Amino acid sequence: MRSSRVIPGSPALVLLPLLLLAAGCTDAYKPVIIVHGIFDGPRELAGLSGFIEESHPGTEVILIDLLNYKLSIAPMWKQVNEFGKVIKSIMQRSPEGVHLLCFSQGGLVCRGVLSLIPNHNVHTFISLSSPLAGQFGDTEYVNRLFPDCAKTKVHLFCYNKWGQKLSICDYWKDPHYTSAYLRNNLFLPLLNGEKENSYMTEWKENFLRIKKLVLIGGPDDGVITPWQSSHFAFYDSEENVVEMRNQEFYVKDTFGLRTLDARGDLSVCVQSGVKHVEWHSNFTVFTSCMVEWLV
């Protein structure tokens with residue numbers, strides 16, 4: 001029997017179905033919360049939900065129905081706060097712990113949620129093809145928002161107060177304008193600890209409550225640029241990719257990535273031949289990179 005649920009964004013609407021589920025659900029598998037990406041909604045991740053239910057029968061899979069499609073370009077901190085309210089309410093009714101599976105932009109939303117919520121009970125956080133270290137590339141998603149603007153010009157819009165009202169600008173990281181990125185980007189430099197702030201210690205402690213971090217991406221993605229950003233790698237000023245362990249935020253362990261790696265709680269999965277919109281519907285990706293952690 002499938003137990004997938006689409007949970008609306010209003011906490012008031014979340015309460016009743018969750019109480020009913022809590023009363024009747026005694027399955028061994030932890031609930032799995034799924035967060036969609038930019039220009040997506042729960043419908044696009046139904047296949048992934050089905051994979052989980054078929055592999056682990058009885059699992060409660062919760063697809064959050066919030067800030068979908070055009071609304072997904074809302075500022076990132078707004079998304080973190082809104083998704084955080086719903087995720088927190090689910091966690092409070094799941095004392096055994098939950099898993100968090102987040103696609104594309106959703107991976108950054110979930111990182112923010114994990115950083116801001118103290119005493120959360122997320123066991124495994126799976127980031128599925130997310131621009132964790134930033135985005136810098138001419139792709140279909142960028143061209144939808146900036147149709148007449150090459151990647152070299154996007155910073156002119158993104159790194160000001162108006163641009164920061166658009167989600168993609170909150171993680172747009174132009175390696176040729178690092179100073180402007182650090183000065184004017186209100187989201188990713190703070191989340192990565194690239195710009196010091198008074199919350200860094202607290203956010204790191206919160207993030208490190210997870211038991212496992214799973215990073216999934218691959219060279220044929222076509223949207224995440226560089227694709228290695230899904231594994232916390234990014235460009236230097238000459239657009240050479242600097243791998244995760246040589247990134248300053250890893251070396252300084254600003255948000256806990258190096259600690260997770262040292263603990264043995266970091267899993268990196270590379271899959272070739274998968275386009276960005278196919279990650280959540282590819283059964284091989286699910287069996288190779290995800291299913292073992294969703295118990």
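Since every read-out is calculated from the coordinates, none of them should be taken as a lab result. Because the structure is predicted, anything quoted here is derived from the model rather than measured. Backbone-built Cβ (ideal geometry, glycine too); neighbour counts: all protein chains shown.
Kindly state, to the nearest 0.05, the FRET efficiency for THR152 paired with ARG43, given R0 = 22 Å and r defined as their beta-carbon distance.
Details: r = 35 Å, r/R0 = 1.59.
Computed FRET efficiency for THR152 and ARG43: 0.05.
Can you give the net charge of the other residues whose Cβ lies under 13 Å from the Cβ of ALA74, counting K and R as +1 and D and E as -1?
+1
In debye, nearest 20, what is the charge dipole magnitude of the stretch 145-241 about its Cα centre with +1 on Lys and Arg Cβ and -1 on Asp and Glu Cβ, if you could check? Don't jump to the answer; show the numbers that get you there.
Working: 11 positive and 12 negative charges, 79 e Å.
So the dipole magnitude of the stretch 145-241 works out to roughly 380 debye.
Want the number for PHE283 to ASN160: 0.36 nm per residue separation, take away the alpha-carbon distance, what's left?
Values: separation 123, 0.36 × 123 = 44.28 nm, distance 4.10 nm.
Full extension from PHE283 to ASN160 adds 40.2 nm.
Of TYR199, GLY218, GLY106, which is farthest on the positive side of the dipole of the chain, counting Cα position, with +1 on Lys and Arg Cβ, -1 on Asp and Glu Cβ, and the Cα centre as origin?
My answer, from the dipole projection, is TYR199.
What is the magnitude of the charge dipole of the chain about its Cα centre, with +1 placed on the Cβ of each Lys and Arg, -1 on the Cβ of each Asp and Glu, and no other charges, expressed in debye to the nearest 20?
On the way: 27 positive and 30 negative charges, 165 e Å.
Charge dipole of the chain: 800 debye, to the nearest 20.
Mind checking Rg over Rh on the stretch 176-287, alpha carbons, Kirkwood formula for Rh?
Values: Rg = 15.2 Å, Rh = 15.4 Å.
Answer for the stretch 176-287: 0.99.
Using only Cα atoms and rounding to the nearest 10 degrees, what angle (0 to 90) does helix 46-55 make with the longest principal axis of the chain?
Orientation of helix 46-55: about 50 degrees from the principal axis.
Quick one: net charge around TYR181, please, counting Lys, Arg +1 and Asp, Glu -1 for every other residue with C-beta under 12 Å from its C-beta. Display every interim value, and only then the final one.
On the way: positive: LYS173, ARG183, LYS195; negative: ASP170, ASP174, GLU194.
Here the count lands on 0.
At 7 Å along Cα-to-Cβ for each site, give me the label-to-label distance between ARG183 and ARG245 in nm.
3.6 nm
Which of the chymotrypsin sites (Phe, Trp or Tyr not before Pro) across the stretch 176-211 are loop residues per DSSP, with 16 or fewer other Cβ within 10 Å? Walk me through the intermediate numbers first.
Numbers: sites: TYR177, TYR181, PHE187, TYR199, TRP203, PHE207; in loops: TYR177, PHE187, TYR199.
Filter output for the stretch 176-211: TYR199.
In vacuum, with every alpha carbon of the chain counted as one equal point scatterer, what does the Debye formula give for log10 I(q)/I(0) at q = 0.08, 0.15 Å⁻¹? Two decimals, please.
Normalising to I(0) and taking log10 leaves -0.31, -1.16.
Please determine, in degrees from 0 to 90 and to the nearest 10, the orientation of helix 105-116 with respect to the longest principal axis defined by the Cα atoms of the chain, where the helix direction is its Cα long axis.
That works out to roughly 80 degrees.
Taking Cα atoms, how many degrees apart are the long axis of helix 76-92 and the longest axis of the chain, rounded to 10 and kept between 0 and 90?
It is inclined by approximately 20 degrees.
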